[in-house]
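Heads up, the thing below is written out as structure tokens.
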Amino acid sequence: ADRPGRQLVSVVVPVFNEEDNVGPLHQRLRKVEASLEGAAMEIIFVDDGSRDGTYERLRALRRDDDQVRIVKLSRNFGHQAAVTAGVDSAAGDAVVLIDADLQDPPELIVEMVRKWREGYDVVFAVRARREGESPFKLWTASLFYRLIRRITQVEIPLDTGDFRLMSRRLVDDLLRLGERHRFIRGLVAWLGYRQIGVEYVREQRLSGETKYPLRRMLKFAVDGITSFSFVPLQLATWLGFLAASSAFVGVGVVLYYRLFTDIPLPGWASVMISLLFLGGVQLMTLGLIGEYIGRIYDEVKARPLYIVEEKHGFVNTRASG
Ligand code: UDP
Ligand code: MG
């Protein structure tokens, strides 16, 4: 922020099949720029393998506005990888992450920049209310944020998405965290510095539909939890204690019946139940271990997070990775 002259704010927008949203978003961002005194704005659209007309729309935007930059990925790599690609290419003194569907109101950036100038390194947007989302999504989202807060050490702020502003020094540190299964809001919380929230009302999607169906939401949730917590692995220990202590109780019961009563103990049901229970517990904990091993495997392979097919509007183009 102490560079002489005007400050530069980079706005990073991951886009995946958002052809009707990029135009309106661009317009609103330009209006926002006008009210950022003393700061210019570059807008980095990361085309995450869109299959509709998004890319052509972006090229058209760039023809009229040379502060629009495009990173075209070679296929769909997913939201978090797309955001990372944008942040990697951003030159700004501050970097703003925003969704393309106008669920995140661009006007909030003015407030974010104000807080950043006061000296905050992260200004994240807190959803005070959400418009037009299913009760199921609201409920699962709220459950997820509370669960992850319970079982991880990092203080991930409740009800925040990736909509946020980050200072240059924090972004430089963020880029050094090279993990594959990226849970960006968690990584940013982990980094520390001075962080603050500003509230907003999350709007309905302008056009198109969500790219996070239940399956992807679940994967995202598991990424978030496994990146920051060992608690699921320790579950096996606790279930083991539970099973062992119920075995002790069982021994007591069996001895009592054998020594002090004449009632014969029927075996089949209890044997089957404990067999199925233990089999279930063992497979479940194996599956949990598998989640971690799969992620370790991905980390070890150390493939780049994304592949860039084309870049437009960057002076010194960096390689993909
Ligand atoms: N997105 C992306 N790649 C993907 C999925 C989503 O770049 O594989 C973008 C999408 O275009 C949008 C943002 O990530 O700008 C958030 O996605 P979405 O609005 O579908 O998520 P939701 O708001 O429903 O959680
Ligand atoms: Mg959305």
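The values are calculated or read from the model by the stated rules, or taken from the named source; none is laboratory data. Here the structure is a predicted model, which means the values were calculated and not measured. Reconstructed Cβ throughout: ideal geometry from the backbone, glycine too, with neighbour counts over all protein chains shown. Areas reflect the complete protein model, heavy atoms only, side chains present, ligands, DNA and RNA absent. Shrake-Rupley method; radii C 1.70, N 1.55, O 1.52, S 1.80 Å.
Quick notes on this one:
- Accessible area in the full protein assembly, largest first, 1.4 Å probe, for Lys219, Lys31: Lys31, Lys219
- Two-site FRET efficiency, Ile296 against Arg169, from Cβ-Cβ distance with R₀ of 22 Å, rounded to 0.05: 0.15
- Per residue accessible area in Å² of segment 127-257, where ligands, DNA and RNA are left out and the probe is 1.4 Å: 58
- Lysine pairs in the chain with Cα atoms under 21 Å, if 8 or more residues apart or on separate chains: 7
- For Trp139, the solvent-accessible surface computed with a 1.4 Å probe is close to 150 Å², ligands and nucleic acids excluded.
- Highest GNM mean-square fluctuation among Val201, Val281, Val12, for the chain modelled with Cα contacts below 10 Å: Val281.
- Only helical runs count toward this figure. For the chain, summing -39,500 (n - 2.57) over DSSP H runs of n ≥ 4 and dividing by all residues gives -16500 deg cm²/dmol at 222 nm.
- Efficiency of FRET between Ala128 and Asp262 - r from beta-carbon atoms, R0 51 angstrom, step 0.05: 0.15
- Part-to-part distance (alpha-carbon centres) for segment 248-291 and segment 52-69, which is given in Å: 65
- Here the extension length gained between Lys311 and Ala40 equals 95.5 nm, from 0.36 nm per residue of separation less the Cα-Cα distance.
- Estimated dipole of the chain in Debye, rounded to 20 [Cβ of Lys and Arg +1, of Asp and Glu -1, Cα centre]: 460
- The heavy atoms of Tyr200 offer some 10 square angstrom of accessible surface to a 1.4 angstrom probe.
- Treating each Cα of segment 121-277 as an identical point scatterer and summing with the Debye formula, the log10 of I(q)/I(0) at q = 0.10, 0.12, 0.14 Å⁻¹ comes to -0.57, -0.69, -0.82.
- Gain upon complete extension [Ala60, Thr140; 0.36 nm per residue less C-alpha separation]: 25.0 nm
- Of all accessible heavy-atom area on segment 86-164, the percent that carbon and sulfur account for (1.4 Å): 54
- Apportionment of accessible area to carbon and sulfur, segment 190-321, percent (1.4 Å): 68
- Nearest-10 value in Å² for the accessible area of Val308, using the 1.4 Å probe: 40
- Accessible-area rank, largest first, for Ser229, Ser142: Ser142, Ser229, with all protein chains present and a 1.4 angstrom probe.
- In the chain, the DSSP beta bridges split such that about 30 percent are antiparallel, to the nearest 5.
- Cβ-derived FRET efficiency at R0 45 Å, Gln204 paired with Gln282, nearest 0.05: 0.50
- Accessible surface ranking that places the most exposed of Asp47, Asp172 first, with a 1.4 angstrom probe: Asp172, Asp47
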